[in-house]
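*Asks:* What follows is a structure written as structure tokens; I'll ask about it next.
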Amino acid sequence: MRNIFKILILTSVIGILNSCNSKGTPNYEYMPNMYRSIPYDTYGEYDIFEKGNSALIPPVGTIARGHSLFEYENNTAGYDLAKSNLKNPFSILEVDMKKGKELYNIYCAVCHGNKGDGQGILMKREKILGIPSYSDVGRSINEGSIYHTIYFGKNSMGSYANQLNDEERWLVTHYVLKLKSDLEN
């Protein structure tokens with residue numbers, strides 16, 4: 001009796017599995033493009049894109065998220081123009097000095113020092129020489145010149161435009177001005 005029961009179960013399992021396998025009618029695909037997508041080569045020319053491009057170009061006048069237009073050029077004239085015209089869009093009440101200090105310590109203090117006196121760890125180890133203090137006599141810096149320098153870099157200092165977004169650059173600018181006033185007092 002047991003053997004007959006086992007044979008019946010085995011026969012029914014084989015019959016069920018065989019009934020699901022029908023070569024004449026394929027199974028229904030809910031999203032066929034997901035199973036068999038059209039392959040595109042990286043730099044190939046295709047009719048689906050405009051002008052034979054391999055990808056869509058962003059529309060003219062668009063700005064990537066987290067970026068803004070900076071209307072001052074990367075030259076001495078742009079620096080002077082930023083120094084005279086560029087003002088911080090955030091009021092002192094909106095500025096988070098704790099966050100500004102944190103960003104300054106991450107990106108600037110290595111060279112400029114925690115106090116802005118030009119005595120950072122790289123200066124002390126003589127890796128970079130000639131970093132001026134924010135309070136040097138011949139050095140008149142303001143929020144426009146600081147922001148321009150962070151954005152484009154100056155002399156041996158590189159640009160931090162990719163590391164800091166617009167708001168963070170202004171936070172660091174505020175903190176540098178605070179360090180400058182602390183050094184002068």
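*Asks:* Wholly within the stretch 98-178, which helices (runs of 4 or more DSSP H) include no fewer than the required count, namely at least 2 residues that are more than 25 Å from residue 64 (Cβ to Cβ) and open to solvent by 20 Å² or more (accessible area, probe 1.4 Å)?
*Replies:* Details: elements: 109-112, 121-124, 143-152.
Per the criteria, 109-112, 121-124.
*Asks:* I want to confirm something. Restricting to the stretch 133-157 and keeping residues that are farther than 17 Å from residue 72 by Cα and of a type outside the set (S, T, N, Q), which single residue is nearest to the chain's Cα centre (by Cα)?
*Replies:* Checked the stretch 133-157; the qualifying residue nearest to the chain's Cα centre (by Cα) is 157.
The values are calculated or read from the model by the stated rules, or taken from the named source; none is laboratory data. Quantities reported herein were computed from a predicted structural model and do not represent experimental measurements. Quick reminder, even Gly has a Cβ in these numbers, built from the backbone with ideal geometry, and neighbours come from all protein chains shown. Ligands, DNA and RNA are stripped out before the accessible areas are found, and what is left, the full protein with its side chains, is counted by its heavy atoms. Shrake-Rupley method; radii C 1.70, N 1.55, O 1.52, S 1.80 Å.
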